[in-house]
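One structure is given here, and the rest of the page talks about it.
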Ligand code: SF4
Ligand code: SF4
Ligand code: SF4
């Protein structure tokens with residue numbers, strides 16, 4: 001009961017933090033939209049947190065999926081398609097180069113850059129509009145270890161987008177804002193349709209809902225800077241753990257949780273998306289989402305060849 005009350009209090013605090021950010025931006029930038037935007041996102045996260053505290057272990061994943069849908073549909077559908085804001089990485093790069101502190105730049109700074117110092121890659125676990133679709137496919141638990149060198153495509157993708165935006169910025173009509181908005185809006189539509197197609201195809205072929213995150217998405221490249229410092233991380237209590245490995249088998253990102261546990265470390269992997277599947281599955285209640293200050297650069301991931309020799 002005490003635990004449930006603590007979780008409820010946490011949900012209220014989360015809401016108030018988002019509300020405070022919205023109020024601050026509203027008052028400093030003079031635009032009421034910021035208050036609406038952050039209040040809505042705070043509400044979506046808080047609903048997920050409340051559901052997470054009241055649902056049974058088997059149903060807890062729905063708290064995450066509901067928050068993911070609420071935020072994902074809002075970011076892509078309302079801000080992206082209706083508001084014509086390119087919330088993708090190309091929009092972020094472009095407006096950053098223009099020195100324009102608008103929607104995509106604020107979104108990236110809060111959710112994907114500075115936010116990782118607090119919550120790691122929680123955006124990936126709880127808010128991404130690409131994965132809100134593939135998370136409904138039947139391979140939430142990956143069937144195999146990770147493909148070792150395929151992760152390099154994420155870096156190539158990142159560099160490719162950066163290169164294209166630099167070309168656009170240097171050689172095209174950057175002062176013609178209407179023209180640039182038109183190009184970025186086209187990129188948003190084509191980019192998302194392509195992302196969804198690749199994400200679904202990869203998930204189906206590799207039987208892994210998160211295959212797109214592991215091998216194709218450029219966003220983790222940005223997130224990897226702050227995540228090792230993240231205040232909130234997963235921790236396994238060594239004295240409670242029976243080494244049944246259920247948490248490792250359930251981890252959608254193929255993280256070797258027990259290696260961290262055995263070396264008395266929290267899960268500092270830059271691949272952890274704070275989805276809390278490991279917390280929900282542990283029969284001993286040994287896994288918690290804890291706050292603290294630490295740093296670890298080493299990555300412990302289950303790859304195909306490692307899995308075979310285990
Ligand atoms: S890695 Fe990319 S696709 Fe996957 S959840 Fe994060 S932002 Fe979304
Ligand atoms: S599920 Fe719990 S008990 Fe089993 S290995 Fe993971 S932390 Fe240990
Ligand atoms: S370690 Fe736990 S929280 Fe992190 S990705 Fe794996 S299952 Fe999710």
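The values are calculated or read from the model by the stated rules, or taken from the named source; none is laboratory data. What you see is a predicted model; the values in this text were computed from it and never measured. Cβ: placed from backbone, ideal geometry, glycine included. Neighbour counts: every protein chain shown.
Below are the figures for this structure:
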quantity: In segment 190-214, residue surrounded by the fewest Cβ atoms within 10 Å (Cβ to Cβ) [restricted to those that are within 14 Å of ligand 3 (Cβ to nearest atom) and not in a helix (DSSP H, G or I)]; calculated: 209
quantity: Members of segment 246-264 found to be in a loop (DSSP other than H, G, I, E, B), at pLDDT 95 or above and away from ligand 3 (no atom under 11 Å from the Cβ), listed by number; calculated: none
quantity: Given (1) under 26 Å from residue 132 (Cα atoms); (2) surrounded by 17 or more Cβ atoms within 10 Å (Cβ to Cβ); (3) modelled with pLDDT under 95, index of the condition residue 180 fails; calculated: (1)
quantity: Residue in segment 154-165 that is closer than 17 Å to residue 273 by Cα and in contact (Cβ under 8 Å) with a residue 40 or more places away in the chain present; calculated: yes
quantity: Selected residue (only one of 153, 136, 101 is more than 21 Å from residue 189 (Cβ to Cβ), surrounded by fewer than 18 Cβ atoms within 10 Å (Cβ to Cβ) and within 13 Å of ligand 1 (Cβ to nearest atom)); calculated: 153
quantity: Criterion (within 18 Å of residue 127 (Cα to Cα) and touching a helix residue (DSSP H, G or I) at 6+ places or on another chain (Cβ under 9 Å)) met by exactly one of 66, 54; calculated: 66
quantity: Restricting segment 267-299 to residues that are within 10 Å of ligand 3 (Cβ to nearest atom) and assigned to a loop (DSSP other than H, G, I, E, B), the residue that is farthest from residue 228 (Cα to Cα); calculated: 282
quantity: Test result for residue 217, closer than 15 Å to residue 292 by Cβ, within 14 Å of ligand 1 (Cβ to nearest atom), buried (at least 22 other Cβ atoms within 10 Å of the Cβ) and under 19 Å from the mean Cα position of the chain (by Cα); calculated: no
quantity: The one condition in (1) buried (at least 22 other Cβ atoms within 10 Å of the Cβ); (2) under 16 Å from the mean Cα position of the chain (by Cα) that residue 282 fails to fulfil; calculated: (2)
quantity: Filter pass, residue 128 being outside any helix (DSSP H, G or I), within 16 Å of ligand 3 (Cβ to nearest atom), at pLDDT 95 or above and surrounded by 15 or more Cβ atoms within 10 Å (Cβ to Cβ); calculated: yes
quantity: Selection status of residue 148, over 25 Å from residue 95 (Cα atoms), touching a strand residue (DSSP E or B) at 6+ places or on another chain (Cβ under 8 Å) and surrounded by fewer than 19 Cβ atoms within 10 Å (Cβ to Cβ); calculated: yes
quantity: Filtered residues of segment 254-280 (kept if away from ligand 1 (no atom under 16 Å from the Cβ), out of contact with any strand residue (DSSP E or B) (no Cβ under 8 Å at 6 or more places or on another chain) and under 27 Å from residue 132 (Cβ atoms)); calculated: 280
quantity: Those residues of segment 57-69 which are in a helix (DSSP H, G or I) and more than 14 Å from the chain's Cα centre (by Cα), in sequence order; calculated: 57, 58, 59, 61, 62, 63, 66
quantity: Only listed residue being under 21 Å from residue 278 (Cα atoms), touching a helix residue (DSSP H, G or I) at 6+ places or on another chain (Cβ under 8 Å) and more than 16 Å from ligand 2 (Cβ to nearest atom), chosen from 216, 203; calculated: 203
quantity: Positions within segment 291-300 being in contact (Cβ under 8 Å) with a residue 40 or more places away in the chain and loosely packed, with under 14 Cβ neighbours inside 10 Å, in sequence order; calculated: 291, 292, 293, 294, 295, 297
quantity: Qualifying residue in segment 283-306 (condition: within 16 Å of ligand 1 (Cβ to nearest atom) and touching a helix residue (DSSP H, G or I) at 6+ places or on another chain (Cβ under 6 Å)); calculated: no
quantity: Conditions (1) modelled with pLDDT of 95 or more; (2) in contact with a helix residue (DSSP H, G or I) (Cβ under 7 Å, 6 or more places away or on another chain); (3) within 30 Å of residue 166 (Cα to Cα); number of the one not met by residue 40; calculated: (3)
quantity: Residue match in segment 16-36 (condition: within 20 Å of residue 276 (Cα to Cα) and part of a helix (DSSP H, G or I)); calculated: no
